[in-house]
Amino acid sequence: MASQIYPSPPYNTLPDDPFSSSHRLSTSSTSTGRPDPNSDSHSIMTAPPPYDAAATPFLPTIQLQIETPGKPILSLPLPPRPDPIPIFTIPSSSSSEDSPLTPTYLSLRPTRSSGSCFLISPSSLDPSSSEEEYTPLSTTTYRFGPNRPPLVRLYLPGTATPTSNPFLSPSPSDPSPDADDNDLSIWDSFPLTSPSLLSRTTQFRSRLGTLQWRYASRAERRAISPPPSSLLVLERIVRVSRSENPHKPEEIRTPVAQLIRSEECRSAGSSRSSAGNGGRLVVDLRGWEVEGEKGEGEMVVVMVVTTALVMLKKEVDRRRAQQIMVMAGASGGGP
């Protein structure tokens with residue numbers, strides 16, 4: 001390669017760890033079993049129940065930093081530039097703080113006019129190659145039209161075919177999940193859907209289970225010190241039937257990951273009002289490290305990073321829609 005495809009990190013040290021012993025998250029897995037007379041019943045299509053503080057706390061086993069400035073309020077409603085988005089792994093020991101920072105993952109978008117993107121590992125790049133070919137770890141394809149949600153495909157490391165643009169395959173604008181049966185390199189494929197048109201919640205069903213990204217409540221944000229301005233929570237949802245009420249399954253929600261955007265953790269160059277800006281992504285892999293098959297923990301991280309980037313893309317899309325409405329209202333106003 002003639003040059004690196006990603007910019008140098010904006011800093012040599014990453015933001016402080018928000019998970020020191022002085023301020024550990026109190027979020028945890030929750031069971032919504034017998035109905036509480038003071039609360040309504042919940043389902044995957046409704047707002048999730050509050051966390052049970054007495055349950056096992058959420059303990060991140062890996063921490064990542066997503067670096068993207070997002071879209072400010074005072075900007076034109078244009079698509080963001082297709083700059084690579086680096087994702088760094090937070091060093092686990094203080095001895096690594098002064099070492100050069102190299103992205104663990106890179107999210108690449110081929111063109112500015114397309115929202116589709118793919119995730120790669122910079123370690124898989126061949127510096128001696130004259131052509132920029134990448135082996136994707138995941139791809140996210142955005143399709144135009146109603147009832148056509150983004151489609152995510154996950155690949156086992158090193159199994160996908162190297163290419164300069166994974167979206168230049170046959171019928172890239174309308175990928176079919178049924179076609180995945182003929183591609184042995186695809187580890188999983190699933191769409192990301194929302195309960196309603198105005199909902200910010202995003203859910204998907206993968207071979208790792210049913211999962212849902214949602215925005216945390218104010219009470220959950222206050223559980224972190226200092227409280228972040230934005231907290232996204234990824235939960236794994238399991239439905240269990242109880243003998244007391246077999247016709248009404250119980251939902252058990254277990255937090256898997258969180259994206260924290262606070263003054264200490266948000267991406268350099270972004271602010272509290274930025275949309276789609278990066279932050280600290282923390283993942284709890286304990287469930288898969290014990291029960292999962294070999295290599296499953298790595299695929300969980302790829303899935304979390306890929307779907308977290310989808311949530312940031314949705315924020316940018318909402319900000320652009322708001323800007324378009326403001327400009328349309330200003331131009332259509334009377335004298």
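Worth pointing out:
- Per-residue 3J(HN,Hα) values for the stretch 249-254, derived from phi via the Karplus relation 6.51 cos²θ - 1.76 cosθ + 1.60 with θ = phi - 60°, read x, 8, 9, 10, 10, 10 Hz in sequence order (x marks Gly and Pro).
- R148/S114 FRET efficiency (R0 22 Å; Cβ-Cβ; nearest 0.05): 0.90
- Kirkwood-type radius of the stretch 179-279, with distances r between different C-alpha atoms, in Å: 16.2 Å
- Label sites at S124 and T161, each approximated as a point 7 angstrom past Cα along Cα to Cβ, lie 1.5 nm apart.
- For S116, residues with placed amide H under 5 Å, excluding near neighbours: Y142
- Under the Karplus curve 6.51 cos²θ - 1.76 cosθ + 1.60, θ = phi - 60°, whole-Hz ³J(HN,Hα) for the stretch 73-79, x wherever Gly or Pro sits: 5, 8, 7, 6, x, 9, x
- Remark on Y105: its backbone amide H falls under 5 Å from those of I87, a criterion applied only to residues 5 or more positions apart or on other chains, H modelled at 1.01 Å from N.
- Amide H to amide H, with H built 1.01 Å from N, Y155 comes under 5 Å of S138, W187, counting only residues 5 or more places away or on other chains.
- FRET efficiency for S194 and S92, using Cβ-Cβ distance with R0 set to 41 Å, rounded to 0.05: 0.70
- Counted over the stretch 212-335 with a bin width of 5 Å, the fraction of Cα pairs per bin, in whole percents, is 2, 9, 14, 16, 15, 13, 11, 8, 5, 3, 2, 1, 0, 0.
Here, each number is a calculation from the coordinates, and none is a lab measurement. From a predicted model like this one, the values you see are computed outputs, not experimental measurements. Neighbour counts are summed over all protein chains in view; Cβ atoms, including those assigned to glycine, are modelled from backbone coordinates with ideal geometry.
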